[in-house]
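All remarks here apply to the structure that follows.
Just so it is clear, none of the values below were taken in a lab; they were calculated from the coordinates. For clarity, every value in this text was computed on a predicted model and none was experimentally measured. Neighbour counts are summed over all protein chains in view; Cβ atoms, including those assigned to glycine, are modelled from backbone coordinates with ideal geometry.
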Amino acid sequence: MMPRHAALRAIATDLESDLDAAYGTDAGRTITGGQPLVTAFERFGNQAVEHDITLEDALAVAVETLQGLFERTGGMGNDPATVKAAGVALAAGARAYQAGGDQVAPDRVPPEPIPRQIARLSALHQINRAATANLKLSEMLDTVVQVVARTTASDACEVFLYDDATGLLTLRAAVGLNPASVNAVTIRIGGGITGRAALEARLISAPDAHQHDSFLAHPGIGDEIYTSQISVPILIQGQGKLVGILNIHSMERRDHEDDELEFLQTAAGELAISIENARQYSSTDERLRQKVAELGTLQRVSRMLASTLDLPDVLRLISEQAIELIHAEAAAIFRLSRQRWQRIQDATPIIEYRVGPVRELAHPEDRDNLVKEVIRTGTTKSSDVRYVDGVSTLFCLPLRTAREPVGALCFRLNHTGVPDDDTLGILQAFSDSAAMAIENAQLYQDAMHSVQTQSALVQEMHHRVRNNLQTVAALLSLQLRTAEDAPWSTEIREAISRIQSIAAVHDLLSDEQRLGGTTVDVIARLVAEDAHSTLIPPGLKVHFEIEPSTLRIPSRQATIISLLINELAANAISHGFQNRSEGAIRIRGWEADDCAHIEVFNDGRGVPDGFDPAQSRGLGMRITQRLVTSDLKGTFTIASNDDGTRALIQFPIVEDDEFS
């Protein structure tokens, strides 16, 4: 036996010679067919065993030889065909080396091969089982290519599926080829052996594929190294409908027998049914997911529409969600602009809101007539409408409530056609919700307009009442100036003060922000200002202390409160501060136990013990008692101590619509 390193050089030289004989020594010549490559490396593996060379050393030399071959033939390290050829060659050498080292023992009988027909029946059973056990198309096809390749003893198997929309065959599953090419490589009908089999709807067997007149290498797949190819059309029996192509490849040249070709056609027929079932399952599953998404959108839209009463927001939400629901090119909400006496057919449709690209209509009246007809009849309609840049289908649904039509929701459709019955049902439910939302928003808008109108009227009423009261007060003041020392001057002065207090409150309530009422401290300050100008005589200085208050008095009670505070202030000035040069009045209000409490305190002369305001001969006290008990439904108490006199008014707080 020659030395191991010498033997390694010798078998390496033999390998180079075999490869040169098969593929030549000319630079740039590509590798076509992988069988010579397999044969050369199988011989190399057997020689390595014979010369007792380790597998590691043998593979190292094999890799070096392959690099030399690829440098001559232009193979690239990232080229799928080159990578596949290297893998096939090294695998052949390793298998031969392993077979040489694991010879069957003389006393061991090798297992008998499974009969061919049984193997094929088993393969068909596995294909059917894969189709019924797993309706996911990609997983089912992966199982099929492995089963077919194993059953036919092929080195590679692939399935192309036909796409009606594009007219292309797409690689969907493969074994023995570049995995990265799956779902990435397409073949046109008529292109290569695969495309020709699809075009002619017949099986093509090419023992020497590279010599076939339709051979076409497909970059990225890695099928250049295979010698033989069979392409079988996958057809729906009885319909002739093309589903795809089933291919098998072999390294060595193979003339396939008729029964093997019949098996492949049978397998392709079973595969056609399985693929159609899987596609229908996928389509049904996708449709179900779409319905769930549509129902989810419908629920979300209903919730969103219920969350706002602003009409522009409602119209925007309806338009945006509608176009998402049907996947249309554009959507718009139409309302009719008409007078109450106009007929619908005489009104003009106007676009309240739109989404999507705007296209110019060739004849706008065609669209307007369609919209008016939909609103008038309350039925869904569609029509082809001509635009400047082409014709599109306009699909319109009525927006109606139980009371009246509110408009129409129109879609400019893509090329998907009019919605089917299921989608139409979703759209009708959507349009019902949209119509109710529009009606509610319109009613809210009308109510707000009415409220604003009434608010303006109430403001004007307060303003006019104030002017009238001020006129009366001015007339009384003129009368007072002519006889300031008359016996009745005090009563006139108190009347003027009362009128001005009421006028001041009306002036306050004419402010839009205070129509609903105001706080006690604001009313008290108005009374204090009027008291300085009308009630306080010369030589008397009165200090008003008004505490900030959060006690809010409704507008109809505010006038009464101003009168009460005015009467109590007038009583303090006239009686409590008599013969004094100064005095103090403190006014405060608070809420407790659902009742309003208003306290008016003065540091002047007090009332007698046991004083009962209801029995008082003074007009001011009687007015106060009557207003509190009759109008406010409350209580009034007044008592004095060493510090002064404390008057307390208590009454329940009611809103204006409850007050009578």
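Brief remarks follow.
- Here's how it looks for ARG202: its modeled amide H is under 5 Å from none belonging to a residue 5 or more places away or on a different chain.
- When the GluC sites (Glu not before Pro) in the range 347-385 are filtered for DSSP coil states and for at most 16 other beta-carbon atoms within 10 Å of their beta-carbon, the remaining sites are GLU360.
- Backbone N within the range 570-604 under 18 Å of label point (7 Å from THR637 Cα along the Cβ vector): 588-602
- The gain in end-to-end length when the MET461 to GLN615 segment is fully stretched comes to 51.8 nm, 0.36 nm per residue minus the alpha carbon separation.
- The stretch between LYS241 and ASP313 holds 20.8 nm of extra length on full extension. This uses 0.36 nm per residue minus the Cα-Cα distance.
- Reach of LYS372 by Cα under 23 Å, taken over lysines that are not fewer than 8 positions away in the same chain: LYS381
- 13 Å reach of a label modelled at ASN579, 7 Å along Cα-to-Cβ, counting backbone N of the range 603-641: 605-606
- Charge context of ILE248, other residues only, Cβ under 12 angstrom, K/R +1, D/E -1: -2
- Here the simple spin-label model places points 7 Å from the Cα toward Cβ, and for ALA21 and ARG646 these points are separated by 12.9 nm.
- Efficiency of FRET between ASP384 and GLU360 - r from beta-carbon atoms, R0 22 angstrom, step 0.05: 0.85
- Per-residue 3J(HN,Hα) values for the range 382-395, derived from phi via the Karplus relation 6.51 cos²θ - 1.76 cosθ + 1.60 with θ = phi - 60°, read 9, 7, 7, 10, 8, 10, 4, 9, x, 9, 9, 8, 9, 10 Hz in sequence order (x marks Gly and Pro).
- Fully extended contour minus Cα-Cα distance, from GLN445 to GLN280, at 0.36 nm per residue: 54.4 nm
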